[in-house]
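Single-structure report; data block below.
Computed from the coordinates by the stated procedures, all read-outs in this text should not be read as laboratory data. As the structure is a prediction and not an experimental result, all values here were calculated from the model. No Cβ is skipped: glycine too gets one built from the backbone with ideal geometry, and neighbour counts run over all protein chains shown.
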Amino acid sequence: MSERGTTAAQQFYGRWARLYDFLASATPGLSQLRGRAVDELGLASGDTVIEMGCGTGANFSHLRKRVGPNGTVVGVDFTRGMLQQARNRVEREGWKNVHLVQADAAAFELRGEVDAVLATFVVGMLDDPHTTIGRWLDGISSGGGLALLDAGQSTHPYSWPVNQAFRGLVIASTPGGGTNFEKPPWNVLDERVAEARRMLSERTVETSNSEHALGIVRITGGKIP
């Protein structure tokens with residue numbers, strides 16, 4: 001993402017951070033899907049997990065439950081407003097082992113022993129998801145896991161009305177309404193999600209793919225050999 005694009009995205013998501021936090025917590029069924037994505041990581045007590053694009057921290061409770069008080073959760077996001085909401089959540093819950101880093105997930109370097117990486121509704125914002133996912137995989141220890149929770153257009157037979165609603169959501173949640181793309185933003189999103197899933201499938205074992213919410217939501221997970 002260009003510097004101009006990054007700044008626009010930071011301003012957009014920062015402006016809507018509180019609303020995003022509410023929707024992330026209140027949307028029916030979404031917490032269960034987040035939990036299923038975290039299950040794909042195969043975390044154990046004491047593990048270290050990095051969440052790329054952690055937003056307001058809606059996944060932290062699921063991650064912390066798996067790694068326990070002796071494990072470590074690191075949330076990475078490039079938007080100050082999102083991180084402030086995440087920080088409020090961490091302080092409110094008294095989580096001493098949840099740490100926040102302001103950085104671009106596409107360029108963040110994993111250092112030390114990382115047991116897993118989680119990214120939810122993030123890869124669609126990456127300019128080069130194939131390369132970025134590969135970089136994340138390089139930083140995960142052998143036997144560790146990577147899980148992606150994403151949304152895209154449904155391919156089911158009844159998909160037309162579902163996809164129309166989804167396209168409206170994409171426009172509303174994309175900085176500039178997606179006008180900075182040469183093609184419709186929902187097509188860009190689909191392509192990026194597909195590229196990310198392809199890299200994960202190429203580089204991991206025990207790979208799993210599942211669809212939920214009328215085919216709109218996808219969960220993909222795999223283990224590092």
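Key figures
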quantity: Neighbour-count order for Thr204, Thr155, fewest beta carbons within 10 angstrom listed first; calculated: Thr155, Thr204
quantity: For Leu110, net neighbour charge (Lys/Arg +1, Asp/Glu -1) across residues whose Cβ lies under 15 Å away; calculated: -4
quantity: Gap separating the Cα centres of the range 39-97 and the range 98-151, nearest whole Å; calculated: 14 Å
quantity: Order of Arg198, Arg64 - criterion: other Cβ atoms within 10 Å of each residue's Cβ, fewest first; calculated: Arg198, Arg64
quantity: Theoretical FRET efficiency, 1/(1+(r/R0)^6), r = Cβ-Cβ of Ala107 and Asn187, R0 25 Å, to 0.05; calculated: 0.50
quantity: Loop-located GluC sites (Glu not before Pro) in the range 87-130 whose Cβ has at most 15 other Cβ within 10 Å (DSSP); calculated: Glu109, Glu113
quantity: Residue exposure sequence - Lys65, Lys183 - by fewest surrounding Cβ within 10 Å; calculated: Lys183, Lys65
quantity: Amide N of the range 129-148 lying under 19 Å from the label point, which is placed 7 angstrom from the Cα of Asn209 along Cα→Cβ; calculated: 129-134, 137, 146-148
quantity: For peptides 129-138, 46-55, 159-168, sequence by mean Cβ density within 10 Å, most packed first; calculated: 46-55, 129-138, 159-168
